[in-house]
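Note sheet for the following structure.
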Amino acid sequence: MIVVHVYIHVKPGCEEAFRRASEENASQSVKEPGIVRFDVLQQSDDPARFVLVEIYRDAAAPGLHKETAHYKKWRDAVESMMAEPRKSAKYTNVYPSDHEWR
């Protein structure tokens, strides 16, 4: 499995619109066969900062996700909300093991 953390800083005043767009994207993303989990987190002490936690079944799934209509809609909707370019980090899960997620 592949775990991706996407770090996002939005412009002041864009927090609610970003959250709504991200919740819509996440609710569609979890229906994809290659996605195990898709969380949208908002930082408690700085509500303009978010982290998306995306858990994929295999290496092909992130690319397939980026081809979906809901991802493209989200990407286009939030582009102007960014205070800085989003950053991501990819991880391989150590625990729990793959079979415990299925």
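Throughout, read-outs are computed from the coordinates displayed, never taken from laboratory work. Predicted model, so just to flag it, every value in this text is computed and none were measured. Counting neighbours? That spans all protein chains shown, and the Cβs are built from the backbone with ideal geometry, glycine included.
The string of couplings for segment 25-36 from the Karplus curve (6.51, -1.76, 1.60, θ = phi - 60°) is 4, 4, 5, 7, 4, 5, 7, 6, x, x, 10, 8 Hz, one whole number per residue in order, with x for Gly and Pro. What is segment 2-94 by shape, rounded, prolate or oblate, if you read a ≥ b ≥ c off the alpha carbon gyration tensor as root eigenvalues and call it rounded for a/c under 1.5, prolate for a/b larger than b/c, and oblate otherwise? Prolate, because a/c is 1.5 or more and a/b exceeds b/c.
Adding -39500 (n - 2.57) for every DSSP H run of four residues or longer, then dividing by how many residues the chain holds, sets the calculated 222 nm ellipticity at -9000 deg cm²/dmol.
What's the local net charge at SER29, with K and R +1, D and E -1, over the other residues with C-beta under 11 Å away? If you can, show how the numbers build up before the last one.
Numbers: positive: LYS31, ARG37, LYS66; negative: GLU23, GLU24, GLU32, ASP39, GLU54.
Around SER29, the surrounding residues sum to -2.
Placing a label point 7 Å from the Cα of SER27 along the Cα-to-Cβ direction, the residues of segment 65-81 whose backbone N falls under 18 Å from that point are 69-75, 77-78. Coupling constants for segment 68-73 follow from the phi torsions by the Karplus curve (6.51 cos²θ - 1.76 cosθ + 1.60, θ = phi - 60°), and in residue order they are 6, 5, 5, 5, 4, 4 Hz; glycine and proline get x. Magnitude of the charge dipole for the chain, about its Cα centre and with charges confined to Cβ atoms of Lys, Arg (+1) and Asp, Glu (-1), is about 220 debye. Computed on the chain, with alpha-carbon pairs under 8 angstrom and 6+ residues apart, the relative contact order is 44 percent.
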